[in-house]
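These notes are about the structure you will find just below.
FYI, it's all coordinate maths here, none of it is from the lab. The model shown is predicted, which means the values in this text are computed figures rather than measured ones. Ideal geometry is used to build each Cβ from the backbone, glycine not excepted, and the neighbour counts take in all protein chains shown.
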Amino acid sequence: MAKLPRLKSEKEIHEFWKSRSATDFKEDLHPVKARYVGRPRKRLVSVRIDEETLNSIQKFAEEKGLGYATVMRMWLKEKVREHLPRYGR
């Protein structure tokens, strides 16, 4: 059975695996313990916002190809990092 070579770059890795299967290297493979760390949970909050502001945010978000809630989350996170750096991520 073939041995896995030491590949130095992502391009070499891509070229190597493009024409091979992991089943060709069963002897070199061994199980590993892995832990999935997912994204942080998001908590639903309610915010009252005037219609004009919401419409402006929705228009901006649409122009950027994003959801308006995503834009609002991004802006909130930016302000938290800006004004409360020790609490921001």
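Note down the nm distance, to one decimal, between modelled labels 7 Å out along Cα→Cβ at PHE16 and at ILE57.
Roughly 4.8 nm, to one decimal.
Among GLY38, ALA61, ILE49, whose Cα sits farthest toward the positive end of the charge dipole of the chain (+1 at Cβ of Lys/Arg, -1 at Cβ of Asp/Glu, about the Cα centre)?
Checked the options; the winner is GLY38.
Using +1 on the beta carbon of Lys and Arg, -1 on that of Asp and Glu, and nothing else charged, what's the dipole of the chain about the Cα centre, debye to 20?
The calculation lands at about 580 debye.
Note the full-extension length gain between PHE25 and ARG43 as 0.36 nm times their separation in residues minus their Cα-Cα distance, in nm to one decimal.
Value of the extension gain: 2.0 nm.
Match the structure shown to one of the listed values [x] 11.4; [y] 5.0; [z] 6.5 of mean projected area of the Cα convex hull in nm², computed from it, and give that label.
Comparing each candidate, only [x] matches the computed number.
Per DSSP H run of at least 4 residues, take -39500 (n - 2.57); add these up for the chain, divide by its residues and hand me the 222 nm value, nearest 500 deg cm²/dmol.
-14000 deg cm²/dmol
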